[in-house]
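Heads up, the thing below is written out as structure tokens.
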Amino acid sequence: MTISLHRRRLLRAGLAVGVGGAGALAVTSVARAATFPTRTVNFVVPYGAGGPFDITARLVAERMSKQLGQTVVVDNRSGAGGMIGCTYVARAPADGYTLLLGGLTTHILMQGAVETMPFDPMKDFTVASLLSKMPLVMVVNNDLPVKDLRGLADLLRNNPGKYDFASAGNGTSGHILAQNFVDSIGAKAVHVPYRNSVNAYTDLRGGRIAFMVQTSGSSEMRAGVVRPLAVFSDKRSPAMPQLPTVAEAGLADRVKYNLEPWQAVMVRKGTPPEIIAQLNAAVTATLADPGLQSRFDELGFVATPAPVAQGERYFHEENRRWVPIVKAMDLVGR
């Protein structure tokens, strides 16, 4: 029987792959990189609208769209301290079209604050690009009779269990730092977890919550509707240079950790490396945008662009550092 010309071409193509498979795969990778993306990219934020993660994502998405040539849509999937949004991305196709704004809180701190996680932070995700760091600030309700961090420590010690503090959820950086502060000064306070920081701020302003730890440069701090006391970092925040650090507030001997949450653009493990490289390049170009840099300065965020390998290495180093510390705090149920 005569083999058709079309079939002969297919057979030759098959032999070529068998003989030079590596070359064919390389060609496939190049072709895949050249065509990505061909449709809308979904950027999942595991917290509600209006909070620091949401603000960051919207600033970045707008500029990433121009870099990628396709729309990047912010998709808020909040709840369970960020676990709902993270789980959604962990189960999405590993094709680069579903991104996650994750980081220290969602992938590392949560490991020491919940009994079980619905995904494996280190095995299910890859860092496509580091994005930013966000200094944290202790803030109190304006009616609370304290003027500085030492005053808050004295108030809490003298009134064990009387005052509540808020967070955006169990295991979040705000929860861990506030609890560490309370434990370090030998006080007792009640933790009230919220679905997101926006709702927590509402109750802080209204006096139903006494204090909380939040990112620097928030609109509530700038408007004076809450009172910032100190920043949990080694140096002052450029967004609020008048605020002392914890050390400058005189509590360096009691409060152990300066924890600066970091954010990263993450993808599901198994995403092709050439696509990850494209995403990294798009984020790096985005972070170089003067308009974005100006907004980051206002918010107190510090841009942290880095190559893919450096971001992955940092991710694993932070995991090794913080997970034992947080687990030792025995936060489950607190």
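The values are calculated or read from the model by the stated rules, or taken from the named source; none is laboratory data. Nothing here was measured: the structure is a model prediction, and the numbers come from that model. So basically every Cβ, Gly included, is an ideal-geometry build from the backbone, and we count neighbours across all protein chains shown. Surface accessibility is based on the protein's heavy atoms, side chains included, excluding ligands, DNA and RNA. Shrake-Rupley method; radii C 1.70, N 1.55, O 1.52, S 1.80 Å.
The phi torsions of the range 268-283, fed into the Karplus equation with coefficients 6.51, -1.76 and 1.60 and a -60° offset, translate into couplings of 5, 4, x, 4, x, x, 5, 6, 4, 4, 5, 5, 4, 5, 5, 5 Hz, rounded to whole numbers, with Gly and Pro shown as x. Principal-axis analysis of the Cα atoms of the chain puts helix 173-184 at an angle of about 40° to the longest axis.
What the Kirkwood sum gives for the range 81-151 is a hydrodynamic radius of 14.9 Å, with every pair of different alpha carbons counted. Under the convention that each Lys and Arg Cβ holds +1 and each Asp and Glu Cβ holds -1, the size of the dipole of the range 58-120 around its Cα centre is about 260 debye.
A quarter of the convex hull surface defined by the alpha-carbon atoms of the chain gives 19.6 nm² as the mean projection.
For the range 137-216, the antiparallel share of DSSP beta bridges with both residues in that region comes to about 40%. Working ranking of peptides 264-277, 234-247 by packing, defined as the average number of other Cβ atoms within 10 Å per residue, highest first, is 264-277, 234-247.
Please give the net charge around Asp234, taking every other residue with its beta carbon less than 11 angstrom from that of Asp234, where Lys and Arg add +1 and Asp and Glu add -1. Please report the intermediate quantities before stating the final value.
Working: positive: Lys235, Arg236; negative: Glu248, Glu260.
Around Asp234, the surrounding residues sum to 0.
Among Tyr97, Tyr47, Tyr163, the residue with the largest mean-square fluctuation in a Gaussian network model of the chain, with springs joining Cα atoms closer than 10 Å, is Tyr163.
Hey, what did the range 215-276 get for relative contact order, percent, Cα under 8 Å, at least 6 apart? Let's see the in-between values first.
Details: 45 pairs, mean separation 15.1, N = 62.
It comes to 24 percent, rounded to a whole number.
Each of Met83, Ala277, Ala306 was scored by the projection of its Cα onto the charge dipole of the chain, and the greatest displacement toward the positive side belongs to Ala277; charges sit on the C-beta of Lys, Arg, Asp and Glu.
How much area per residue is accessible in the chain when the probe is 1.4 Å and only protein heavy atoms are counted (Å²)? Display every interim value, and only then the final one.
Numbers: 14620 Å² over 334 residues.
I get 44 Å² per residue for the chain.
What is the chain's relative contact order, in percent, from Cα pairs under 8 angstrom and six or more apart in sequence?
Values: 635 pairs, mean separation 84.5, N = 334.
Reported as a whole number, the value is 25 percent.
Amide hydrogen proximity for Ala230: with H placed 1.01 Å from N in the peptide plane, the residues at 5 or more positions away or on another chain lying under 5 Å are Met138. With a Förster radius of 30 Å applied to the beta-carbon distance between Thr71 and Arg91, the computed FRET efficiency rounds to 0.85.
Roll a 1.4 angstrom probe over the protein heavy atoms and tell me the percent of accessible area of the range 274-334 that is carbon or sulfur. Could the numbers behind the result be given before it?
Working: 1640 of 2940 Å².
Accessible surface attributable to carbon and sulfur in the range 274-334 totals 56 percent.
Express the carbon and sulfur contribution to the solvent-accessible surface of the range 52-91 as a percent, rounded to the nearest whole number, probe 1.4 angstrom. Let's see the in-between values first.
Numbers: 770 of 1650 Å².
C and S fraction of accessible area: 47 percent.
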